[in-house]
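*Asks:* I am attaching a structure below and will ask some questions about it afterwards.
The values are calculated or read from the model by the stated rules, or taken from the named source; none is laboratory data. Note that this is a predicted model, so its numbers are computed, not measured. Because the Cβ atoms are built from the backbone with ideal geometry, glycine has one as well, and the counts that use them run over all protein chains shown. These accessible areas exclude ligands, DNA and RNA; they are computed on the full protein's heavy atoms, side chains included. Shrake-Rupley method; radii C 1.70, N 1.55, O 1.52, S 1.80 Å.
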Amino acid sequence: MVKKVGWNFLPKETPVYPQVMHVPDLGEFRFIESLLQNAAPLQREAPATRTWLGVGDDAAIFDGWVVTKDLSVENTHFRLDWSTPEQAVEKHIVSNVSDISSMGAAPRIALLGLCLNKNWPEETRNRIRSAFSEGFAKRGITLIGGDTVAGEEGVFSTTLLGTLAGDKPLVRSAVQPGDNLYVNGTLGKSGAGLWLLMNHPEDRDKFPSLVEYHLNPRIVEGAGAELARMGAYGACMDISDGLSSELNHLALSSGVSLEIDERLLPVDPEVVRMSEYYGLSPLDFALNGGEEYQLLFANSLWDTIFQEDNRYIMGRVCRIGTAVGLSGQAQVHMLCKNGDKRLVKPRAWSHL
């Protein structure tokens, strides 16, 4: 048997939570053994740059290791009456990978904490285990340890470590006056998909791409690392709480004001179609819909270093505005289609 260094095994005779005893026993050792069976090999290669960075960005850095941690809680971040176990796991992994990507890094090592809902059937637990094993392995992420337990609701907790693709990280505080603002991908899909599931679940088949994106977002996971490789050392962060909130984060962190143009926002065509169908505002989804996990970044060199050949690596990239000099408070404004200019206030999604 392979020795599983770093995993916190719970002795079966230790009843930490009485409800654990009601879970049909897969055997924790057997469960973990299966989870690690196809793990990516551990690459014994230290970070090339011994950088340190404290709290304030999508990830911290200690001695060159870029580290982030995300939680996914059942009935808060995922619902198994909406999504499959595989979709729930993939969304959780993407939420961590996007944080590493936004720092200009690539993911390498993971620690996984799993709380299995004591009422999940054996099939669900098996599918979740397989999804994590395959999800990490196909990305080349080595699972080196963690913890498992059972409780009232399912919880996924990943600590993900990566290494920088360039000489330094991409950080929120690097916006300079005159920088262009960009996003990759299209906007509003996840928020629109969530709205549909909450308000018209019977219509989910009418807009399947929106529902699918909310349940299982697909992003260009190497986009941030590619920015660093190209020397595009501007500001960057992922869009997890909504574009309006992330723009304000950039403005405050960098001490600049930002101006975006409504006409330039790459609102997803299906978001527009769904909004027209229900009489909603596609702009609201584009500005305030969370869990996009695409990148928002700023750079003054983009037009000179971004070549046609890189479009397939970065995915779709759209310029949405410009950073301007600070006069008073660091704020975000939007030039509207009708010619008006309005303040863009942060409307972050909060689980607290």
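*Asks:* If you count the DSSP beta bridges with both ends in the chain, what percent of them are antiparallel, to the nearest 5? Could the numbers behind the result be given before it?
*Replies:* Numbers: 42 of 59 bridges.
DSSP beta bridges in the chain are roughly 70 percent antiparallel.
*Asks:* Could I ask something else about it? At 222 nm, what value in deg cm²/dmol follows for the chain if DSSP H runs of at least 4 each add -39500 (n - 2.57) and the sum is divided by all its residues, to the nearest 500? Don't jump to the answer; show the numbers that get you there.
*Replies:* Details: 11 runs with 107 residues, N = 352.
Here the helix-only value at 222 nm equals -9000 deg cm²/dmol.
*Asks:* If you fit an axis through the alpha-carbon atoms of helix 269-278 and take the longest principal axis of the Cα set of the chain, what angle between them do you get, 0 to 90°, nearest 10?
*Replies:* Compared with the principal axis, the helix lies near 90 degrees.
*Asks:* Let me ask something additional. Given Cα pairs under 8 Å that are at least 6 residues apart, what percent is the relative contact order of the chain?
*Replies:* Dividing the mean separation by the residue count of the chain yields 21 percent.
*Asks:* Taking every alpha carbon pair in the stretch 107-259, what does the distance histogram look like in 10 angstrom bins from 0, in percent?
*Replies:* Going from the shortest bin to the longest, the percentages are 9, 25, 33, 24, 8, 0.
*Asks:* Next question. Roughly what angle does helix 189-199 make with the longest principal axis of the chain, taking Cα atoms, 0 to 90 degrees, to the nearest 10?
*Replies:* 70
*Asks:* In addition: Which ³J(HN,Hα) values, rounded to whole Hz and listed in residue order, are derived for the stretch 86-97 from phi using the Karplus coefficients 6.51, -1.76 and 1.60 in 6.51 cos²θ - 1.76 cosθ + 1.60 with θ = phi - 60°, glycine and proline given as x?
*Replies:* Along the stretch 86-97, the couplings run 5, 5, 4, 5, 4, 4, 5, 5, 4, 4, 7, 4 Hz.
*Asks:* Ok, one more. Hey, any idea what the orientation-averaged projected area of the convex hull of the stretch 224-287's Cα atoms comes to, in nm²? Walk me through the numbers before you get to the answer.
*Replies:* Numbers: hull surface 22.3 nm².
Mean shadow area of the hull around the Cα atoms is 5.6 nm².
*Asks:* What are the ³J(HN,Hα) couplings of the stretch 39-45, residue after residue, when phi is run through the Karplus curve with 6.51, -1.76, 1.60 and θ = phi - 60°? Round to Hz, x for glycine and proline.
*Replies:* 5, 4, x, 7, 7, 7, 9
*Asks:* Quick check: pseudo-label points 7 Å beyond the Cα along Cα→Cβ at GLU45 and LEU301, how many nm apart are they?
*Replies:* It works out to 2.3 nm between the two label points.
*Asks:* Taking the chain as a Gaussian network, where each spring joins two C-alpha atoms under 10 Å apart, which residue of LEU42, LEU187, LEU250 fluctuates the most?
*Replies:* Highest fluctuation among the options: LEU42.
*Asks:* Sorting check: for 207-213, 27-33, 234-240, 97-103, which peptide has the highest mean count of neighbouring beta carbons within 10 Å, and how do the rest follow?
*Replies:* Values: 207-213: 20.1, 27-33: 15.6, 234-240: 25.0, 97-103: 29.4.
The packing order, highest mean first, is 97-103, 234-240, 207-213, 27-33.
*Asks:* Quick one: compute a quarter of the convex hull surface over the Cα atoms of the stretch 166-237 and quote it in nm². Before the final figure, lay out each step's value.
*Replies:* Numbers: hull surface 24.7 nm².
The Cα convex hull of the stretch 166-237, projected and averaged over all directions, gives 6.2 nm².
*Asks:* Then there's this: Can you compute the modelled spin-label distance between THR84 and TYR277, with each label point 7 Å from Cα toward Cβ, in nm?
*Replies:* Rounded to a tenth, the inter-label distance reads 2.2 nm.
*Asks:* To the nearest 10 degrees, how steeply does helix 122-138 sit against the main Cα axis of the chain, on a 0 to 90 scale?
*Replies:* Relative to the chain, helix 122-138 is tipped by roughly 50 degrees.
*Asks:* Assuming R0 = 22 Å, can you tell me the calculated FRET efficiency for the pair LEU53 and ILE313, based on Cβ-Cβ distance, to the nearest 0.05? Don't skip to the end; give the middle numbers.
*Replies:* Details: r = 25 Å, r/R0 = 1.14.
About 0.30, to the nearest 0.05.
*Asks:* Then there's this: If R0 is 51 Å, what FRET efficiency do you get for CYS336 and ASN119 from their C-beta distance, rounded to 0.05? Numbers along the way, then the final one.
*Replies:* Numbers: r = 49 Å, r/R0 = 0.96.
That pair, CYS336 with ASN119, gives E of 0.55.
*Asks:* While we're on this one: So which residue, out of LEU161, LEU247, LEU111, gets the largest mean-square fluctuation from a GNM of the chain using Cα contacts under 10 Å as springs?
*Replies:* Answer for the Gaussian network model of the chain: LEU111.
*Asks:* Also, I was wondering about something else. For ALA150, list long-range residues whose amide hydrogen, built 1.01 Å from N in the peptide plane, is under 5 Å from its own amide hydrogen.
*Replies:* Hits under the 5 Å cutoff: LEU116.
*Asks:* So who's got an amide H within less than 5 Å of the one on VAL324, skipping anything under 5 residues away but keeping other chains? H placed 1.01 Å off N, in plane.
*Replies:* GLY178, SER257, LEU258, GLU259
*Asks:* Another question, if that's okay. Just to check I understand the Karplus step: with θ = phi - 60° and J = 6.51 cos²θ - 1.76 cosθ + 1.60, what whole-Hz values come out for the stretch 254-262, glycine and proline as x?
*Replies:* 9, x, 9, 9, 10, 10, 10, 10, 4
*Asks:* What's the Cα-based Rg to Rh of the stretch 32-176, Rh via Kirkwood? Before the final figure, lay out each step's value.
*Replies:* Working: Rg = 15.9 Å, Rh = 15.9 Å.
My calculation puts Rg/Rh at 1.00.
*Asks:* Which whole-number value in Å² is the accessible area per residue of the stretch 109-181, probe 1.4 Å? Please list the in-between numbers first.
*Replies:* Working: 2620 Å² over 73 residues.
Ligands and nucleic acids excluded, the result is 36 Å² per residue.
*Asks:* Above 37 Å lies some portion of the pair distances; for the chain, what is it as a whole percent of all C-alpha pairs? It would help to have the intermediate numbers written out before the result.
*Replies:* Working: 13621 of 61776 pairs.
Summing the P(r) of the chain above 37 Å gives 22 percent of all pairs.
*Asks:* Collect residues whose amide H, placed 1.01 Å from N in the peptide plane, falls under 5 Å from the amide H of ARG108; neighbours closer than 5 in sequence don't count.
*Replies:* Amide H to amide H, under 5 Å and 5 or more residues apart or across chains, ARG108 pairs with LEU161, GLY162, THR163.
*Asks:* Give the carbon-plus-sulfur fraction of the accessible surface of the chain in %, rounded to a whole number; probe 1.4 Å, heavy atoms of protein chains only. Don't skip to the answer; put the middle values down first.
*Replies:* Numbers: 8540 of 16190 Å².
Carbon with sulfur: 53 percent of the solvent-accessible area.
*Asks:* Using a 10 angstrom cutoff on alpha carbons, build the Gaussian network for the chain and name the most mobile of ARG127, ARG319, ARG172.
*Replies:* So, out of ARG127, ARG319, ARG172, the one fluctuating most is ARG127.
*Asks:* Net charge around ASP261, counting only other residues with Cβ within less than 14 Å of its Cβ (Lys, Arg = +1; Asp, Glu = -1)? Each step should come with its number before you reach the end.
*Replies:* Working: positive: ARG263, ARG319, LYS337, LYS341, ARG342; negative: GLU259, GLU262, ASP340.
Once all neighbours under 14 Å are counted, the net charge is +2.
*Asks:* Can you give the Kirkwood hydrodynamic radius for the stretch 59-133, in Å, rounded to one decimal and based on Cα pairs?
*Replies:* Values: mean 1/r = 0.0736 Å⁻¹.
Over the stretch 59-133, the inverse of the mean reciprocal pair distance is 13.6 Å.
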